[in-house]
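Asks: Okay, here's the structure, questions in a sec.
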Amino acid sequence: MIAPGKTRPSTGTAETSAVDERAHVCVGAIAGAHGIRGEVKVKSFTSDPLDVGAYGPVLTDRGARLVLQPLRVQGQAVVARIEGVADRNAAEALRGRRLYVPREALPATEDEDEFYHADLLGLPVVDGAGELLGTVATIQDFGAGDMIEVAFPGGGSAFLAFTREIVPVVDIAAGRLVAHPPEGWADTGAEESDAPASDETGEVS
């Protein structure tokens with residue numbers, strides 16, 4: 001399977017992001033308040049959960065700049081302080097906010113099969129004959145591995161499993177993906193997918 005990269009992507013919400021996701025990488029999401037002193041629980045998408053604050057100030061999906069200080073890993077979340085957030089109400093107001101850093105702030109990937117999702121968004125997807133299938137609109141994980149949503153030139157979209165078998169070529173330098181979709185894959189649009197919705201910004205126990 002092709003690795004998704006050093007950070008996990010945002011799985012998307014109905015709310016439009018104020019951040020250019022082609023130039024930024026989502027490194028985490030605030031799951032809620034922790035305690036009464038303004039600390040928050042963060043669902044980290046970095047390989048080392050505490051690295052969620054290692055790349056400088058983060059931007060929320062509403063465009064706010066936050067200085068994040070991770071304190072410790074607790075269960076599946078990182079407990080962190082945010083500069084200027086001093087009580088539970090202020091912390092709780094940030095629930096659900098996705099956290100981004102500029103793509104250039106992140107180190108290069110160490111494996112040729114490892115990619116940052118920001119590098120894939122917007123790339124054309126072609127078949128083995130070079131015919132355009134569409135462009136990468138989103139990258140989702142519904143629980144069974146990464147899926148790329150391919151937006152068709154004429155409208156609509158469908159998902160492809162992001163595996164070496166289905167997407168054997170990911171050429172960032174050339175700016176394209178080569179895919180071998182299964183028969184009939186384009187007949188079911190993304191809106192009709194049976195895959196369950198994924199909510200990465202929900203409460204983390």
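The values are calculated or read from the model by the stated rules, or taken from the named source; none is laboratory data. All values derive from a computational prediction rather than experimental measurement. Glycine gets a Cβ as well: all are built from the backbone with ideal geometry, and neighbour counts include every protein chain shown.
Asks: Please give the number of the condition residue 126 fails out of (1) over 21 Å from residue 19 (Cα atoms); (2) touching a Pro at 6+ places or on another chain (Cβ under 8 Å).
Replies: Only one criterion is unmet by residue 126, namely (2).
Asks: Being surrounded by 20 or more Cβ atoms within 10 Å (Cβ to Cβ) and not β-branched (Val, Ile, Thr) is the filter here; which residues of segment 124-148 pass it?
Replies: Residues satisfying the conditions are 133, 134, 140, 146, 147.
Asks: Of all residues in segment 23-35 being touching a strand residue (DSSP E or B) at 6+ places or on another chain (Cβ under 6 Å) and under 29 Å from residue 109 (Cα atoms), which is surrounded by the most Cβ atoms within 10 Å (Cβ to Cβ)?
Replies: Selected residue: 28.
Asks: Next up: Across segment 36-55, what is the total count of residues that are surrounded by 12 or more Cβ atoms within 10 Å (Cβ to Cβ) and touching a helix residue (DSSP H, G or I) at 6+ places or on another chain (Cβ under 8 Å)?
Replies: Here the count works out to 9.
Asks: Residues that are assigned by TED's automatic domain parsing to the domain that holds residue 53, modelled with pLDDT under 90 and either within 30 Å of residue 31 (Cα to Cα) or not charged (D, E, K, R) (or both): does segment 75-87 have at least one?
Replies: Yes.
Asks: Okay, moving on. Mind checking whether some residue in segment 163-174 is closer than 18 Å to residue 17 by Cβ and assigned to a strand (DSSP E or B)?
Replies: No, every residue in segment 163-174 fails to be closer than 18 Å to residue 17 by Cβ and assigned to a strand (DSSP E or B).
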